[in-house]
Amino acid sequence: MSIATLRLGLPLVRASASLLALLCAATTGCSQVDPCEGQSEACITVQVESPGGELDLIRTVYSLDGGTKQQRGFAVSTGEAKSFPVVFALNLGSGGSIQADIIGELSASPTFHGTFSESVSSGEHKRIVVTLDRNVSKLPFVGPEPRYGAGLVAVPLSSPTSLVLFGGVVSGEQTLGDTWEYSLSQNTWQRITSPMSPGPRQPNMVADPLSDRVLVVQGMGAGGVVQLDTWQYQAAMPGDARTWQPITTVTAPTPPRAFAGLTIVPSATMTPTTLLFGGITGSGGSPLSDLWRMQSPGMTNLALVNTTGAPQVKSPKLLSTQTDVYLVGSDEMTKSTVQVYRLDAVAMPPKWTVVSQEGGAPSYRSAFSATIDPQGQQIVLFGGIDGAGNLLSDTFRYSIQGTTWATVSTTQVPPARIDASLTFAQGVFMMFGGRDSSLKQKIDNWKLTSDGWKRWL
């Protein structure tokens with residue numbers, strides 16, 4: 001194994017570990033620990049410098065041997081901006097010729113940019129010093145285009161290794177039907193090509209809690225046309241790549257709808273139940289309050305369930321633990337605060353009951369993002385739009401066991417937005433996209449950890 005140090009624009013210098021320590025000692029803020037140390041793969045330690053300024057996220061867009069671009073993200077500190085230099089490692093497997101762009105961001109805005117090209121062979125380690133400048137007029141892009149209304153779920157839900165993103169609306173109000181997978185271990189996006197795929201839409205989408213499967217039921221297509229079909233995304237055989245397949249036996253609910261709540265809840269018999277709540281039947285339509293149920297994976301069809309106590313909720317969030325189903329939203333009839341309803345499936349007929357306390361509840365809103373940590377027994381809600389048309393940027397946690405709401409206060413707060421996608425994976429709530437008050441797609445993505453909100457690619 002060899003180690004090399006390169007400052008862009010200067011000759012290549014071979015260096016020992018002691019020389020790396022001297023390099024760091026002479027550079028304020030540089031770690032003496034080489035992040036490539038101990039790695040058997042080809043590895044490049046990247047030291048990022050700048051003439052001045054701070055940043056809170058580094059994005060690296062790179063490709064090996066001219067292949068598919070990948071993107072890695074490095075939060076440079078916890079909750080606070082950091083001054084340069086910043087040091088991180090790129091593990092490059094068996095090596096090759098790498099071309100990389102480095103983008104430094106502060107408060108969700110690109111402020112610095114730099115590039116480098118270098119070759120590294122199998123087992124070789126190099127150290128590169130990159131000085132950024134403030135020319136951010138031509139930045140590389142990799143991964144899903146910024147969008148709102150996309151489906152975003154973690155799979156397999158029991159032990160997530162990937163996020164699956166499908167559809168949504170991009171710049172120019174173009175509705176897409178593309179599929180992407182995000183590796184939680186590699187922090188990279190990959191676009192997925194499937195022989196068949198659902199048409200462009202803002203989908204009603206959920207992950208199955210008992211199998212590595214994603215379900216899409218109807219949704220809002222281009223031009224405000226509600227889609228009628230149902231699809232599943234899964235591997236045909238263990239070890240195969242996931243692909244989309246239509247489920248022709250599922251033709252309900254009728255009439256078809258968009259912006260509905262969709263969840264799958266396990267059962268004691270290990271036959272999960274798919275539930276769909278409400279939604280609208282077309283652009284500008286009034287929110288519905290009906291409930292549909294399907295035993296899966298039998299996939300016969302969704303059947304209407306007679307319930308009582310159901311509210312009318314715009315873009316309802318239907319969430320489940322191992323045993324219970326919860327509905328989150330503001331009642332449009334009363335313009336209530338955001339309430340949490342639990343479905344009492346034992347009652348005859350089944351009924352919706354408010355289980356959340358009024359004190360500390362989020363104010364009336366719609367188009368907010370929400371998801372559940374079923375093991376931690378908590379629901380997280382972010383943003384939305386209030387009755388006066390103001391976009392919101394507040395965050396709330398709901399304790400299922402305590403039935404109480406609590407405001408989440410962190411050093412960094414995502415800018416206000418509506419229609420963002422939010423999911424939970426590996427102890428982290430991950431939010432993608434959305435749109436601002438000018439209806440422009442948001443390019444900054446965030447994750448909520450135990451240390452608060454941080455930037456995510």
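For T407, state whether it is touching a residue at least 24 places away in the same chain (Cβ under 8 Å) and surrounded by 16 or more Cβ atoms within 10 Å (Cβ to Cβ). Show your work before the answer.
Working: touching a residue at least 24 places away in the same chain (Cβ under 8 Å): yes; surrounded by 16 or more Cβ atoms within 10 Å (Cβ to Cβ): no.
When the stated conditions are applied, T407 does not pass them.
Quick one: which of S197, S183 is hydroxyl-bearing (S, T, Y), touching a residue at least 24 places away in the same chain (Cβ under 8 Å) and not assigned by TED's automatic domain parsing to the domain that holds G73? Walk me through how you get there before you give the answer.
Working: S183 fails: touching a residue at least 24 places away in the same chain (Cβ under 8 Å).
The unique qualifying residue is S197.
Only strands (runs of 3 or more DSSP E) wholly contained in region 340-401 count here; list those with 3 or more residues that are surrounded by fewer than 21 Cβ atoms within 10 Å (Cβ to Cβ).
On the way: elements: 351-354, 369-373, 378-385, 391-399.
In region 340-401, 351-354, 378-385, 391-399 are the strands (runs of 3 or more DSSP E) which contain 3 or more residues that are surrounded by fewer than 21 Cβ atoms within 10 Å (Cβ to Cβ).
If G389 passes every condition in (1) over 19 Å from the mean Cα position of the chain (by Cα); (2) on the phi < 0 side of the Ramachandran plot but one, which one does it miss?
Only one criterion is unmet by G389, namely (2).
Does A100 satisfy being buried (at least 16 other Cβ atoms within 10 Å of the Cβ), closer than 20 Å to S183 by Cα, at pLDDT 90 or above and touching a Phe, Trp or Tyr at 6+ places or on another chain (Cβ under 9 Å)?
When the stated conditions are applied, A100 passes them.
Of the conditions (1) under 25 Å from G223 (Cβ atoms); (2) at pLDDT below 95; (3) among the β-branched types (V, I, T), I280 clears all except one; give me its number.
(2)
Go through region 402-457 and count every residue that is in a loop (DSSP other than H, G, I, E, B) and of a type in the set (A, V, I, L, M). Break it down into steps so the answer makes sense when it comes.
Filtering region 402-457 down to residues in a loop (DSSP other than H, G, I, E, B) leaves 402-403, 408-417, 419-420, 426-427, 433-434, 436-440, 442-444, 450-451, 457.
Now restrict to residues that are of a type in the set (A, V, I, L, M): 408, 413, 416, 420, 439, 443, 457.
Adding up the residues that qualify gives 7.
Answer with yes or no whether V169 is outside the structural domain of G73 (by TED's automatic domain parsing), within 18 Å of P209 (Cα to Cα) and in a strand (DSSP E or B). Before the answer, list the steps.
Working: outside the structural domain of G73 (by TED's automatic domain parsing): yes; within 18 Å of P209 (Cα to Cα): no; in a strand (DSSP E or B): yes.
For V169, the condition - outside the structural domain of G73 (by TED's automatic domain parsing), within 18 Å of P209 (Cα to Cα) and in a strand (DSSP E or B) - is not met.
Just one of S197, S122 is part of a loop (DSSP other than H, G, I, E, B) and surrounded by 19 or more Cβ atoms within 10 Å (Cβ to Cβ); which is it?
On the way: S122 fails: surrounded by 19 or more Cβ atoms within 10 Å (Cβ to Cβ).
None of the others qualify; the one that does is S197.
Would you mind finding the one in S137, S50 that is surrounded by 18 or more Cβ atoms within 10 Å (Cβ to Cβ) and either in contact with a Phe, Trp or Tyr (Cβ under 9 Å, 6 or more places away or on another chain) or of a type in the set (S, T, Y) (or both)? Step through it out loud before you land on a result.
Working: S137 fails: surrounded by 18 or more Cβ atoms within 10 Å (Cβ to Cβ).
Going through S137, S50 in turn, just one is surrounded by 18 or more Cβ atoms within 10 Å (Cβ to Cβ) and either in contact with a Phe, Trp or Tyr (Cβ under 9 Å, 6 or more places away or on another chain) or of a type in the set (S, T, Y) (or both): S50.
Within region 172-185, track down each residue that is part of a loop (DSSP other than H, G, I, E, B) and surrounded by 13 or more Cβ atoms within 10 Å (Cβ to Cβ). Don't jump to the end; show me each part of the working.
Within region 172-185, the subset part of a loop (DSSP other than H, G, I, E, B) is 172-173, 184-185.
Within region 172-185, L184 is the sole residue that qualifies.
What pairs come up if the first residue lies in region 359-376 and is modelled with pLDDT of 95 or more, the second is assigned to a loop (DSSP other than H, G, I, E, B) and hydrophobic (A, V, I, L, M, F, W, C), and their beta carbons are under 7 Å apart, counting only those six or more places apart or on different chains?
Once the first residue is modelled with pLDDT of 95 or more and sits in region 359-376, its partners that are assigned to a loop (DSSP other than H, G, I, E, B) and hydrophobic (A, V, I, L, M, F, W, C) give A361/V338; P362/V338; R365/V338; S369/A420.
Restricting attention to region 273-295, which residues are of a type in the set (S, T, N, Q), surrounded by fewer than 17 Cβ atoms within 10 Å (Cβ to Cβ) and in a strand (DSSP E or B)?
Q295, the sole residue that qualifies.
From (1) within 14 Å of S296 (Cα to Cα); (2) within 21 Å of the chain's Cα centre (by Cα); (3) in a loop (DSSP other than H, G, I, E, B), pick out the condition that doesn't hold for T249.
All conditions pass for T249, except number (2).
The values are calculated or read from the model by the stated rules, or taken from the named source; none is laboratory data. These figures come from a predicted structure and were not determined experimentally. Glycine also receives a Cβ, built like all others from the backbone with ideal geometry; neighbour counts cover every protein chain displayed.
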